[in-house]
Each structure stands twice: as C-alpha cells, then as structure tokens.
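Presented below is the structure to which this report refers.
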Amino acid sequence: MPVPVLKIALPLPLPRLFDYRAPAGVGAVPGDVGRRVRVPFGPRELVGVVAATGPADGEAPALREALAWLDPEPLLHGELLASAQWLARYLHAPLGEVLSTALPAALRRGEPVPDTAVHAWVLTAAGQGAVDGLRQGGRPRRLAESIRGAAVSEDLLDDLVEGWRPAARSLEARGLAQRVVLDGPAQAGGAPALMGHAPNAEQAAALEALRTAEGFAPVLLEGVTGSGKTEVYLQAIAGRCLAQGLQALVLVPEIGLTPQMLARFRARLGVPVHALHSGLSDGERARSWAAAWRGEAQVIVGTRSAVFAPLPRPGLIVVDEEHDGSYKQQDGIRYHARDVALVRARALGVPVVLGSATPSLETLHNARAGRYAHLQLRSRAGDAKPPRVRVHDVRKRPLQAGLSEELLVAVRTALDGGGQVLVFKNRRGYAPVLLCHDCGWSAACPRCSTAEHPVPMTVHAGGRRLQCHHCGSRRPVPMACPDCASLALQPQGVGTERIEELLAARFGDVPVLRIDSASTRRRDGLARELAKLGDGPGILVGTQMLAKGHDLPKLVLVCVVGIDEGLFSADFRASEKLAQLLIQVSGRAGRAARPGEVLLQTHHPEHPLLQVLVGGGYRAFADAELGQREAAGFPPFAHMAMLRAEAQQAGQPEAFLQAAAAACVAARDRLPAAQARALMVSGPVPAPMPRRAGMHRAQLVLSSPGRPGLHAVLGAVIAGLHALPEARRVRWSLDVDPVDL
Ligand code: ADP
Ligand code: ZN
Ligand code: ZN
C-alpha cells in the first residue's frame, strides 16, 4: 500500500491539485481535509488547503514534504468546502483560487484563526475620576461618558461614538480606560431587542411561508422600496434563527450596507451583528469570519464576499436587492454571490430569501417556472405613499446645465415646502467631452483609444482637469487645441459637477451636496456627507451612488436627468439595468408620510421602455423584456460564457481566442447532435472597449439553450487553453454567466 499523500489546492491559476507528503513524515489521513498547510513551491512558500488525501499521482518518494500545518483542525470542511468545490467546477476555475477568494485575507496569508472574544471598553478607577477634566465635546470625553457606567462592546461603540478607536487608545495610554473581554456573546449587544411593527397581511403571509419552510426553500420577496422587506427579514431572523440558536446570513449590495442599516439590525435583534465588508480592516474581517466559523456569530451582515461565511448552525440566508450588480465579482474568480447563496442554501438545507423591488429577469424567470416561491408586498408599509411619476418632455426647450426651467421651478417649489430634492445624473465629472469648437478635435484618452474607437476624457474640477473614467489617467486641460491652436475649447455635455454648479448658483439659500464615489469611498463617507444636509431643505446631486442606501425621510422630489444614453445601448441587459435604476431612484422619494414626486426629464418620452415602465411599472416592463429575451435567445433563456483576452500587442488577444474558438468548436462537435446544434461559438470580436489602459482586448462568447452542453464544452477545453502557446502572450479569463457583454 502506498502512503497516502495530501492533495492540496493552491492559489495558482492552474486547474489541478498538488501532491505533497504530510509534514513531519506522517501519513495523510482523511481528517486532514480542510486544514490549511504551508508548502514549498519552487523558491516560494504558499498557503494551501487540503482538498483530499489518497495515493500520489506520480512517484511518491520524489514528492516534497509540506512544511507545517496552520490549523489543528479543518478550517474548511463539510458544506463550505463542498460548495467551493461546486463553484470551482461551475466556473471552471482552480479550487485553490476559489478557496483563497472565500477566505478573508489574513487567513489566506496563513495567519491563525483569530480570537473572537467580544472586547469592550470601560473606564478604570482613575478614569472615573478624570472624566470631568476631559475637554467638553472632544472624542475622548464622549467616549469616556459612554463607558463610564459599564463596559460597552466595540460593536456598540462603532454606533455610539464616531472615530472612537484613537480616543480609546489615548485614554488607555493615560491609564484612564481599559479593554476587557466580555463573558458570553449574549452580553455583547447591550441593547435589548426593540419591538417590531405588527406585520401587515402581506408581511404576515411572507413570514408564515418562511416559518413553515422546511429544508431548502428559495423565496423571491418582491416589494417596492418601503414595502417592509427589511422588516420581514428582521422578524424572520428573530423567529426562525435567534429563537432556535441558528445563524442568519444577510447579503446586502456594496452601497446598501450603511451604518444606519447595521444600527437597525443591532437595535432590533438585540444580539451582536457581525459585519463583513471591504471597509473593515483585515483583522476585523478575519474576526467576523472566525466568529461565524465558531458558530458564535448569530447574525452576519455583509457584502458580496460574505457569501462565503461559514455557517455551522445555519438558519436562513437573505440576499437583499438581489438584482444588484455588485453581487457579481468582475475579476479573479467571477462568482455571483446570489447564485452562490442559492447553492449554499441548498447544501445547508435552509430557506433563502431573494428580496428586491426590481428582481433580476433571471430570478423572475425562475419564480415563474415554479422553482422559487414568489411572495409579494404590493403596498408601502405604514402610511407611506408611492411617488407620482411624471415624464417631462424637454424637446425644443432651453436647458441650463442640462436642466429645463420647469424642472428648476419644481425644485424651487419643493424647497419652499421645506423638502429635500435629489437630482440624479448618471455621469460624474463636469462634462463628458472637451471639444474644439474650431476644428472638431476632442480630448481622447491615449491609453484607451484606438483609431476606430476614441474614448473621450471627462472634464473635471470645473473645467481644469481631464480624467479617463476607464483607466484613471489624468492630465490638465490644454491651454489651446493641440490640433489647430485655437482657444475655443469647450466642455460638451453635462456631468454632476456642472449640475451642482448651476444649482448652487441658483439656490444659494440651501445646501447643495454632490455625492460621488470619491466622497463616499471612506467608511461612513456617505452618512457623513448626508449629515451635512440635516433636516432642512436642500439638494443632493449624484450618480447611482444615491439610488439606495441611507434613508432620506425629507426627500420629496427626485429629478432624473440624462438617462437618454441608456435607452439606446447595444448591451442586451442595458434596458433591465436602466429600468431597475429608474425604479430604485424613484423609490427614494416619499418614504415618509408625505407623498413624493419623480420628474423624468427626457428627449424620448415615447420610448417604449419609459412608456411601459411608467404605465405598468416594473412588472409590465419585465414581462415585455422577458418576451424579447426569449425571442432573441438571450439569458435567462440561454446560458452564456465569455472568454476575454488582453495583451499589450494588438492581434494577440484575437490569436489566442481564435485557437480557443477552434478548440470549442472541436469539443462541440463531439457532443450529442442535439446539444451541439444549439451551442453557438461567436467571435472572437473586439471587446466593447477594444483598448483599455494600454491593453488591446477581445472576447469570445459561447451560448447555449441548456447548461449541460455549455459546461461539457468548457470542461473539455479549459485545461488545453492553459497550455496553448498563444496563452502565454495574453492575459485571459473565463466568465461563466457574464453580466457585462
Ligand atoms: P424595505 O426594506 O422594503 O424598503 P422597510 O422594511 O425598510 O422596507 O420598511 C419601510 C418603513 O416602513 C420602515 O420605516 C419600517 O420601519 C416601516 N414598516 C415596515 N413594516 C411596517 C408595518 N407592518 N407597519 C408599520 N410600519 C412598517
Ligand atoms: Zn482645434
Ligand atoms: Zn483611459
């Protein structure tokens, strides 16, 4: 009998496991599966995860020995490892890369699983006497007052005292405060659970369905913004999970995870809520993950990658705003968190709730086919009224910074009534193009443009800077036209900066705030910005950053301008995205007692998308759109995979994709005739942006009415693609179920 060896998944772009002898000359045992181990790899050391044990593939004595175990017991085992293996097969990606995506960075690097004791802060005896001596209103003083009576957990301090950590360290250094460990997780939340609202009839029906669900049960919870979906999540978590000591995992979109939302969960559930998102430090993320792994974290709320949180005592998974684009990872392992959530819920045997006001067409299609239960919340909860939507035809009307006089009057009226106004424009910067009025030259990004496909640089900083939104390159606006030396360089078109400039000039009596990705990149950035608006009248200008997130009870008017570009996009998903965006932005209006209004300014009032959406709502749109997708053979009626390639040198991406296409066609021809006929290999063609950041880019699309044929072809070709000589000259990737074509 040969000695069993470790089959290790390593974070390398190679679709295979690697054999090693177990450390210290001990034979591998099945119980090693799921343990992290450090191994030599060429001159380097890597951290891998044992995926299997068994006889070595080659000559055992020649194998290298693993250096050291990192975990005394398996870290990834049972369901989580099985789901990662499923995902690796589905995405045709190396298991090692999937696992390293699933682990928080600190664990990926090989650090030990952190201590998850709940830490809290309390004043020392010296501190008790010194509080009144601290500067009034300063952070140390506010912190000291919060922790004067009893120890307060760090979670809770995040909500109570903004930026408390440096203050805590300074109090600690002076011997005034100390960090202590709370005994049981139950103590850590501090606040008792607040009472929820008595559910209305539709909420009650949804809760009943979730209460009685047994095993895997996917549920689409469709309800407009403000219809009380979050309330359903909260009560389902309280009833189904907390009452029975089970865990709940709640996924939210990247910009949906506001401090407000976390505070609502903490206040209402009365247990610690563990956050998992990119705004946390590596250490904080590893701690939340470890708390989930130990079963201590009862409620985990996080963005995309939180879908990999371990759930040893699973009770419920929620995917809020399931249609949101941020659930799809766009580089590396290109998973879709909603789909992974479904796979995990099935493996764990728990219900999974997909919530949205604007469900993705994939999800609606599954609900219609009876694969998901479909629950609806048709009205707004409490006494909130739905907003009134008005399509505002601006053809032939004079515009200032892209805004019509009627729109500006409506803004004035809303402000005079004490309300707040949101102006939504899906382009950041001052103007999308800088044009020479004398010769027609326009500023194009040198790193992203080709002769046939120039990519304009956006004018920023009130007209002083040019910036490329695709590669980030920046330069000053030239003094004169580089082609004809004319001084007649003019910003063309309108971005949010220009709208802000006009509104600030016209409505000088109220705050005008522009929100973009730069102002909200910092943790709590959006909340901090919005706080500047206060309770009084004011105007927010922004891009889709403002489509959701923070509650704005004073918002009475939403102006949507410049959506016309989106009406005529070539991407077959553009209509869906635009419809979702319009409904989501509109949903921001009138969340409190007063009804809101939405003004949709357009040059194409008769466009079918707007007609259907305004006349019949999202469902009417979705019905029409699904019909068109079916007729055209697009997802969800077909399944796609996309191979992308890029290289410094033009032609090389195409050469690689040509070879890939030939391999796919050959594999297709080996399929049973019926499957083979329906599978299409299209391309290679230039990418929608044929060049970006200096790289030439091309793509190849595979499409098939059924998944089995598609996956059979991918499975047959993928290892060979890694070995193609052309592959060495490009960067390539496979995207299964691509979202952006
Ligand atoms: P959604 O998640 O669908 O946007 P929320 O759950 O946030 O909706 O609810 C919107 C508002 O209505 C919140 O302020 C919430 O407290 C309130 N609400 C929810 N359910 C009820 C109810 N049954 N009765 C009264 N108010 C409710
Ligand atoms: Zn010129
Ligand atoms: Zn560029």
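The values are calculated or read from the model by the stated rules, or taken from the named source; none is laboratory data. Because the structure is predicted, anything quoted here is derived from the model rather than measured. We place every Cβ from the backbone using ideal geometry, glycine too, and count neighbours over all the protein chains shown.
A search for C-beta distances below 9 Å between a residue of segment 60-86 that is buried (at least 18 other Cβ atoms within 10 Å of the Cβ) and any residue that is among the polar types (S, T, N, Q), counting only pairs 6+ apart in sequence or on different chains, returns A84/T101. The single condition from (1) farther than 19 Å from H119 by Cβ; (2) in contact with a Ser or Thr (Cβ under 7 Å, 6 or more places away or on another chain); (3) hydrophobic (A, V, I, L, M, F, W, C) that A206 fails is (2).
Taken over segment 429-458, the criterion of being of a type in the set (A, V, I, L, M, F, W, C), in contact (Cβ under 8 Å) with a residue 12 or more places away in the chain and either farther than 27 Å from A505 by Cβ or more than 16 Å from ligand 2 (Cβ to nearest atom) (or both) is satisfied by A431, C439, W441, A444, C445, C448, V455. When each of V307, V232, V301, V224 is tested for being touching a residue at least 12 places away in the same chain (Cβ under 8 Å), buried (at least 22 other Cβ atoms within 10 Å of the Cβ), within 16 Å of ligand 1 (Cβ to nearest atom) and closer than 27 Å to A106 by Cβ, the lone residue that passes is V301.
Taking the conditions exactly as written (modelled with pLDDT of 95 or more, more than 16 Å from ligand 3 (Cβ to nearest atom) and under 29 Å from the mean Cα position of the chain (by Cα)), does I499 satisfy them or not? Considered against the rule, which asks whether it is modelled with pLDDT of 95 or more, more than 16 Å from ligand 3 (Cβ to nearest atom) and under 29 Å from the mean Cα position of the chain (by Cα), I499 comes out as yes. Assessment of segment 211-223 against the conditions (farther than 25 Å from P312 by Cβ and at pLDDT below 95) yields at least one matching residue. Restricting the first member to segment 659-686 and to residues that are on the phi > 0 side of the Ramachandran plot and in contact (Cβ under 8 Å) with a residue 12 or more places away in the chain, and the second to residues that are outside any loop (DSSP other than H, G, I, E, B) and of a type in the set (A, V, I, L, M), the beta-carbon pairs closer than 7 Å and six or more apart or on different chains are G683/L657; G683/A661; G683/L700; G683/V701. The number of residues in segment 398-440 being under 21 Å from M689 (Cβ atoms), part of a loop (DSSP other than H, G, I, E, B) and not charged (D, E, K, R) comes to 3.
You will find that of Q648, Q652, the residue that is modelled with pLDDT of 95 or more, surrounded by fewer than 16 Cβ atoms within 10 Å (Cβ to Cβ) and either of a type outside the set (G, A, S) or touching a Leu at 6+ places or on another chain (Cβ under 6 Å) (or both) is Q648 and no other.
Only one entry of V299, V252, V307, V219 meets the criterion of being closer than 20 Å to L157 by Cβ and away from ligand 3 (no atom under 16 Å from the Cβ), and that entry is V299.
Scanning segment 692-719 for residues that are within 16 Å of ligand 3 (Cβ to nearest atom) and part of a strand (DSSP E or B) gives R692, M695, H696, R697. One residue stands out among those in segment 235-257 that are within 12 Å of ligand 1 (Cβ to nearest atom) and within 30 Å of S517 (Cβ to Cβ): the one that is surrounded by the most Cβ atoms within 10 Å (Cβ to Cβ), which is V252.
If the condition is being within 12 Å of ligand 3 (Cβ to nearest atom) and of a type in the set (A, V, I, L, M, F, W, C), then segment 440-461 contributes A443, A444, C445, C448, V455, M457.
Within segment 462-521, the set of residues being assigned to a strand (DSSP E or B), more than 16 Å from ligand 2 (Cβ to nearest atom) and surrounded by 15 or more Cβ atoms within 10 Å (Cβ to Cβ) comprises R465, Q467, V512, L513, R514, I515.
Screening A106, A93 for residues that are in contact (Cβ under 8 Å) with a residue 12 or more places away in the chain, in a loop (DSSP other than H, G, I, E, B) and not polar (S, T, N, Q) leaves exactly one candidate, A93. Selection over segment 115-145 of residues that are under 17 Å from S288 (Cβ atoms) and buried (at least 19 other Cβ atoms within 10 Å of the Cβ) gives a count of 3.
For segment 372-385, residues that are surrounded by fewer than 19 Cβ atoms within 10 Å (Cβ to Cβ) and over 19 Å from A205 (Cα atoms) total 2.
Within segment 580-595, the only residue that satisfies the criterion of being farther than 19 Å from M545 by Cβ and surrounded by 22 or more Cβ atoms within 10 Å (Cβ to Cβ) is G590.
Residue-wise test of (1) touching a residue at least 24 places away in the same chain (Cβ under 8 Å); (2) crowded, with 23+ Cβ neighbours inside 10 Å; (3) in contact with a Cys (Cβ under 6 Å, 6 or more places away or on another chain); (4) assigned to a helix (DSSP H, G or I).
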| site | (1), (2), (3), (4) |
| --- | --- |
| H323 | yes, yes, no, no |
| R334 | yes, no, no, no |
| V340 | yes, yes, no, yes |
| A347 | yes, no, no, yes |
| L364 | yes, yes, no, yes |
